[in-house]
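Asker: Sharing a structure here in structure tokens format.
The values are calculated or read from the model by the stated rules, or taken from the named source; none is laboratory data. Quantities reported herein were computed from a predicted structural model and do not represent experimental measurements. Using ideal geometry, Cβ is built from the backbone for each residue, glycine included, and neighbour counts are taken over all protein chains shown.
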Amino acid sequence: MENLMEPLLAWVTQHPNWAGFIVFLLSFAESVAVVGVVVPGVVLLFGVGALIGSGHLQFLPIWSWAVAGAIVGDGLSYWLGRRYREQLTQVWPMRKHPELLEKGRRFFERHGTNSVALGRFVGPIRAVIPLIAGMADMKPMAFLIANILSALAWAVVYLAPGMVFGASLDLAAEAASRLVVLLLLVAALSWLALWLLKRAIRVAEPLAARLVAWLLKRVELHKSFHGIAAALADPGHPEFRGLAQLALLLTGAALLLGLLGSTLHADWWRNSVNQPVFELLQSLRTPAADRFFTWMTMFADWQVMAALQLGLLAWFWVSRQPRIALHWLAACVYVWAVSPILKYSLRIERPPNLVEGIGPWSFPSGHTLHATVTYGFLAFIIAWSLPVTRRWWAYAPAVLLTLLVGLSRLYLGVHWLSDVLASLALGALWIALLGMALRHHQPPPGNWRR
């Protein structure tokens with residue numbers, strides 16, 4: 001099978017307009033049951049990734065086609081499992097290799113809903129897990145969410161090695177050394193972010209319980225504080241008026257901190273922190289890293305954010321989860337509103353090498369703020385019904401993607417470090433408040449495992 005790949009990849013190089021559709025078919029075939037057992041997805045997507053890294057293909061369109069093919073392939077497998085069930089044991093290659101289904105069943109029983117996401121990355125059983133999920137009557141909403149999120153990560157993971165390989169072919173020795181330093185920096189920051197995430201999940205539950213108890217006391221003692229505290233902690237009190245007040249308070253606090261920072265400590269922070277970080281990252285730039293971070297920043301472009309936010313809003317609504325839909329709407333509306341308010345109120349200038357086509361004001365980083373709230377709140381909704389020990393699997397992809405988006409804004413020289421850090425903090429606070437209110441006004445939306 002691998003011998004057939006060379007002419008196919010050569011043809012894709014010569015006909016880039018067809019590349020997306022070919023990648024869709026390859027991803028679909030690699031993911032769908034029966035066919036996916038024999039299709040070498042690693043080899044295929046490594047080759048496509050090398051074409052991206054060498055500049056022959058664009059990342060975002062190819063990644064989108066790969067994600068779509070994986071989602072459709074797994075979706076078809078899930079439908080086949082629900083429709084035909086045990087009849088599939090008599091179909092090749094299941095009839096000849098019954099151990100594939102048996103391994104898939106054991107994997108699904110061990111990991112539940114997580115198996116749909118994890119199974120994409122586990123060699124021989126990758127194509128049978130959706131089949132097993134359908135045969136086991138896993139809830140369609142649970143499967144769809146796991147299918148979409150895992151496909152987003154799967155396409156990146158399978159394309160990335162080839163992209164690095166393709167980009168490295170043309171690197172000079174000096175550029176290669178800069179790329180290695182940058183990779184080590186990204187790896188270290190990713191490890192630190194995941195380490196902090198694990199510890200945050202461990203302490204979040206008891207900390208939230210103490211905070212709720214404190215808020216309920218404030219409700220009883222201070223009538224003026226009643227609306228805000230009850231919005232977060234009292235299941236019998238409507239929450240959206242209190243959340244609107246909290247949104248105004250958050251925005252006011254961000255404005256105040258921005259004004260204080262730009263007047264009292266502007267020179268010290270800029271010269272001691274912002275400028276050195278800016279100069280360090282600019283000194284590490286290479287064409288390959290430029291392409292990678294340009295791709296990463298696209299994950300928070302307004303077109304991507306609008307499509308994802310509207311799509312999930314519609315999905316929550318048609319899935320008869322109106323309260324989740326309204327909290328999701330509140331999360332998104334706040335981000336779209338607060339970013340321009342802060343930018344045009346504070347008017348903090350961007351770094352000197354301004355990229356063409358973007359506005360002049362730097363604070364906050366709209367991309368980082370959108371990524372934090374959108375991917376972070378989505379991770380909260382997914383993790384909500386999971387045991388504490390498994391919530392890490394929902395939050396980790398969101399944390400890593402948000403980190404890379406923030407790093408991309410710094411690397412491309414369009415934001416200062418203070419912009420990105422403030423955006424991360426503001427976004428995290430907003431989704432924490434929304435999450436607390438949602439948890440105390442609605443039970444989790446069913447069991448994600450089935």
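Asker: Just checking, does the range 399-420 include any residue being among the acidic types (Asp, Glu) and either touching a Cys at 6+ places or on another chain (Cβ under 9 Å) or modelled with pLDDT under 85 (or both)? Step through it out loud before you land on a result.
Answerer: Step one: of the range 399-420, the residues among the acidic types (Asp, Glu) are 419.
The next check asks that each one be either touching a Cys at 6+ places or on another chain (Cβ under 9 Å) or modelled with pLDDT under 85 (or both); those that pass are none.
Checking the range 399-420: not a single residue is among the acidic types (Asp, Glu) and either touching a Cys at 6+ places or on another chain (Cβ under 9 Å) or modelled with pLDDT under 85 (or both).
Asker: For Pro340, which of the numbered conditions (1) modelled with pLDDT under 85; (2) closer than 30 Å to Asn271 by Cβ; (3) surrounded by fewer than 21 Cβ atoms within 10 Å (Cβ to Cβ); (4) not charged (D, E, K, R) fails to hold?
Answerer: Among (1) modelled with pLDDT under 85; (2) closer than 30 Å to Asn271 by Cβ; (3) surrounded by fewer than 21 Cβ atoms within 10 Å (Cβ to Cβ); (4) not charged (D, E, K, R), Pro340 violates only (1).
Asker: Being among the aliphatic types (A, V, I, L, M), under 30 Å from Val164 (Cβ atoms), over 20 Å from the mean Cα position of the chain (by Cα) and surrounded by 15 or more Cβ atoms within 10 Å (Cβ to Cβ) is the requirement here; does Leu281 meet it? Before you say what the answer is, go through the steps one by one.
Answerer: Working: among the aliphatic types (A, V, I, L, M): yes; under 30 Å from Val164 (Cβ atoms): yes; over 20 Å from the mean Cα position of the chain (by Cα): yes; surrounded by 15 or more Cβ atoms within 10 Å (Cβ to Cβ): yes.
Here the answer is yes, as Leu281 does meet what is asked.
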